Structure formats: structure tokens, C-alpha cells
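Novice: Mind having a look at this structure? Questions to follow.
The values are calculated or read from the model by the stated rules, or taken from the named source; none is laboratory data. Being a predicted model, the structure only gives us computed values, none of them experimental. Cβ sites come from the backbone with ideal geometry, for glycine too, and all protein chains shown count toward neighbours. Each accessible area value is taken on the protein alone, full model and side chains, heavy atoms only, with ligands, DNA and RNA left out. Shrake-Rupley method; radii C 1.70, N 1.55, O 1.52, S 1.80 Å.
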Amino acid sequence: MKTMKAAVFEGNGILQYKDVPVPTIQRENDVLVQVEAASICGSDLHILSVPPGQRGDPGTIMGHEFVGHVVQVGASVTLVRPGDRVVVEPNISCGMCRSCRAGHPNLCERAENIGQWRDGGFAEYCVLPEQQLHHIPENIPAKIAALCEPLSCVMHGMMRLNPMPFERVVLFGAGAIGLIFLKLLKAFGVKHIIVCESIADRAASAIKFGAEYVFDPNCEGGLSEKIMSVWNTPADIAIDAVGAGAVLESAMALVGNGGKILVFGQNMTQQSTIRPGMINAKEINIFAALAVHHSFPPAIELLPDLGLEELVTCELPLSKIDEAIALMREKKAIKAVVYPGK
């Protein structure tokens, strides 16, 4: 039996780097992919928290943001062939539940989530259904290609919001997701962007990437007063790229009448207290976003032009994934990429 190295979730915050069997093709639509690079997501940190902020099943190889090359294909596979370079759409929908039939496969009630309860990309090899794969050019560096999945998620949120260049946006968080939002907002032509971030290094990155202003969310006098002092008008849009309960409360106060709020950051341990009457009184529109199939092609199209390599501040072999996770948890790295082949 052939074995490979992989980072396996063992429960209770434990990720173990160990030898496991190389996966094999079991179904006609299976594809064996050799992983080139995988990036660590904030949701991976949530899975490894105690208590966990997101679901992860013990015994599962983690990692859902990755790029690789096709090694072998099942008998019915037509989309890809050996040698093709691909990125991975990690949420496998059933196609049969009520949400899938209603046109919302990203909300599938029987989804298999790669890297959470189906083996993922923190390994040398991974077996995936062909419909989860998207071709990506060879000339895109691996560390950028590995960010296609988070970019596609953010792209879906942007497509839901459809921000106009003249609208004023308050963005909570300048971690990896927040900075991807910032890059896309600038690409969409949005001129007025305030980022709320308390960590100095991340605040500096937000300014570097084009934020008009960066304020500490705990600033004296409050965010509303700060924003009014520079814009003299409330925000049109607020984006939560953090997932902390207090962010939604702040967003409700910052947006003006008819404003839009996108809840994007996800942490199931968090709670928020809001006044429902304020939603009605101001006719606030609240959106949420999970990755969807149609956001991958535009993400791949934009990927080379956004400068996302600036987000990758840690690159290590898979054997040192614990070190990479620690750097992200301590907020000493914006985005970490690991390489199984090194």
C-alpha cells in the first residue's frame, strides 16, 4: 500500500502530520489530483479552535484552498485529463435536496465539504469528483492559484452587493478576506472605503492596498462619529469580514437609510444583539454569502491582476503546517501557503 504525508484533524484542536494511504479512484467520475500548494483559511483555524467555531470531522485530512495537477481520471471523466492544472471548488452538493433543486447548491442540505468532513488538500494527493475542478493556467504562481477559492467566495459576496463606484463602504477586518475584499472593491472602482482594523500591521496593509481611511473599531468617540467626521454622511455599505458578534451591531449603526450589510465572516461560536426595529426603520438590506459555482470563473479571470501575492506572507512545507497555523493564529501572517511536495 502506497502512503503519503498528510495533515489530519484528530479532534479537540489537534492536527497531526502523519503517513496515510494514497487515495485511489473509486467512482467513474473521480479524479486523482497531486496537490501543488494549499493555503490556510480562517475557517481552518475555527475548526482547530476549542471549542470549534466550525465543523470538522475527526480523521479528515484538512485543507480546502488548493491547486494541483491531474494524475489519473475515472472512466467517465471528460472535463479534465492527466497533466491538467486545476483549482478546487470544495463544497460538493447533492443535486437532489430542496436547496439544490431550488437553484441554491451552495446551501445544499447534504453537502460534502472537502477539508472538513471529506479529505482535502493538506496532503500530497486528493481524490475529487470532476465537477469540483476548474482549469487554471500554468503561468499563475502556485501561491496565487491556491487563493482562487477564497477569491471566489469574496467574488460571490461582491456580486450580491453589486457596489457602485460612488458608494461609501465600511469594511470590517483587514485579514486575508478583508484585504481580498479591499482589492476587489478597488477593482470595481469604489473610491470611498474605510477599513476598521485594530492590528497595526494589518491597518498598514489596508492603507497600502488602497483604503481611504483606517480606523480602530475601538476608537475614542466611536466609529459613527469618526466616519461622519470624514465623510459627513453615513455609509452606504458595510461588510463584515471578521465574523465577530459585535460587528453586525456596529454595521447596523453605521449604514444610512436603505444601506446594505454583507455578513461574510463566519464563526458559529459568536452571537450578536441587534434591534430588529432599526432594520425596518432604515430599510436596511442584509445579505449573506457562501461560495457558489458561478463565482469561480470570474475569480480565475481576475486572479492574475489583483496583486494577491502581497497577501501571502508565509510559505512553508506541509511538514511545518503547525508553524504556519501558529503564525496565522497569532496574526503574524496574513495568509500562509504550504507545499506538500517540499
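Novice: At 1.4 Å probe size, with every protein chain present, just tell me what the per residue accessible area of the stretch 130-196 comes to in Å².
Specialist: Accessible area per residue: 30 Å².
Novice: Related question: Under a 5 Å amide H to amide H cut-off, with H placed in plane at 1.01 Å, what residues pair with Thr313 once short-range neighbours are removed?
Specialist: Ile334, Lys335
Novice: Mind checking which of Phe181, Phe172, Phe209 has the largest fluctuation in a GNM of the chain, springs on alpha carbons under 10 Å?
Specialist: Residue with maximal mean-square fluctuation among Phe181, Phe172, Phe209: Phe209.
Novice: If you average the alpha carbon positions of the stretch 303-342 and of the stretch 75-123, how far apart do those two centres end up, in angstrom?
Specialist: Distance between centres, Cα-based: 24 Å.
Novice: Provide the gained length on full extension for the span Ser198 to Leu45, in nm with one decimal, where the gain is 0.36 nm per separating residue minus the Cα-Cα distance.
Specialist: Residue separation times 0.36 nm, minus the Cα-Cα distance, leaves 53.1 nm.
Novice: Still on this structure, please answer the following. Could you tell me what percent of the accessible area of the chain is made up of carbon and sulfur, with a 1.4 Å probe and every protein chain present?
Specialist: Carbon and sulfur: 50 percent of the exposed surface of the chain.
Novice: Just one of [x] 42; [y] 46; [z] 65 is percent of Cα pairs over 28 Å apart as worked out from the coordinates here. Which one is it?
Specialist: Given [x] 42; [y] 46; [z] 65, the structure-derived one carries the label [x].
Novice: Here's another thing I want to ask about it. Kirkwood-based Rg over Rh for the stretch 250-314 (C-alpha set), two decimals?
Specialist: Here the Rg-to-Rh quotient is 1.10.
Novice: Still on this structure, please answer the following. Please give the per residue accessible area of the stretch 1-116, computed with a probe of 1.4 Å over protein heavy atoms only, in Å².
Specialist: 48 Å²
Novice: Go through the stretch 125-134 residue by residue and turn each phi into a ³J(HN,Hα) via Karplus (6.51, -1.76, 1.60, θ = phi - 60°); whole Hz please, and just put x for glycine and proline.
Specialist: Listing the rounded values in order: 9, 8, 9, 9, x, 4, 5, 8, 10, 10 Hz.
Novice: Now a separate question. So with the 1.4 Å probe, I'd like the accessible area per residue for the stretch 282-326, rounded to whole Å².
Specialist: 47 Å²
Novice: Still on this model: Which value, in debye to the nearest 20, describes the size of the charge dipole of the stretch 47-201 about its Cα centre when Lys and Arg Cβ atoms bear +1, Asp and Glu Cβ atoms bear -1, and nothing else is charged?
Specialist: 500 debye
Novice: Please list the non-local residues whose amide H lies under 5 Å from the amide H of Leu171, H modeled 1.01 Å from N, same-chain partners needing a gap of 5 or more.
Specialist: Correct list: Ile194, Val195, Cys196, Ile239.
Novice: Now for a separate question. If the chain between Val71 and His104 were fully stretched, how many nm would it gain, using 0.36 nm times the residue separation less the Cα-Cα distance?
Specialist: Here the answer is 8.8 nm.
Novice: ³J(HN,Hα) across the stretch 68-84 via Karplus (A = 6.51, B = -1.76, C = 1.60, θ = phi - 60°), whole Hz, x for Gly/Pro?
Specialist: With the stated coefficients, the stretch 68-84 comes to x, 10, 5, 9, 8, 10, x, 4, 9, 6, 10, 6, 10, 9, x, x, 5 Hz.
Novice: Output the DSSP H helices from the chain with an along-axis C-alpha extent of no less than 18 Å and a mean Kyte-Doolittle hydropathy no less than -0.5.
Specialist: Flagged H segments are 148-161.
Novice: Here is a further query. With respect to the cross-link table entries Lys191/Lys282; Lys183/Lys226; Lys143/Lys260; Lys5/Lys342; Lys143/Lys342; Lys260/Lys332, which display a Cα-Cα separation exceeding 21 Å?
Specialist: Violating the 21 Å Cα-Cα cut-off are Lys191/Lys282; Lys183/Lys226; Lys143/Lys260; Lys260/Lys332.
Novice: Excluding residues on the same chain fewer than 8 positions from Lys331, give the aspartates and glutamates whose Cα lies under 17 Å from its Cα.
Specialist: Partners found: Asp44, Glu197, Asp201, Asp216, Glu310, Glu315, Asp322, Glu323.
Novice: What value, in deg cm²/dmol to 500, does the helix sum -39500 (n - 2.57) over DSSP H runs of n ≥ 4 give at 222 nm once divided by the residues of the chain?
Specialist: Counting only the DSSP helices, I get -7000 deg cm²/dmol.
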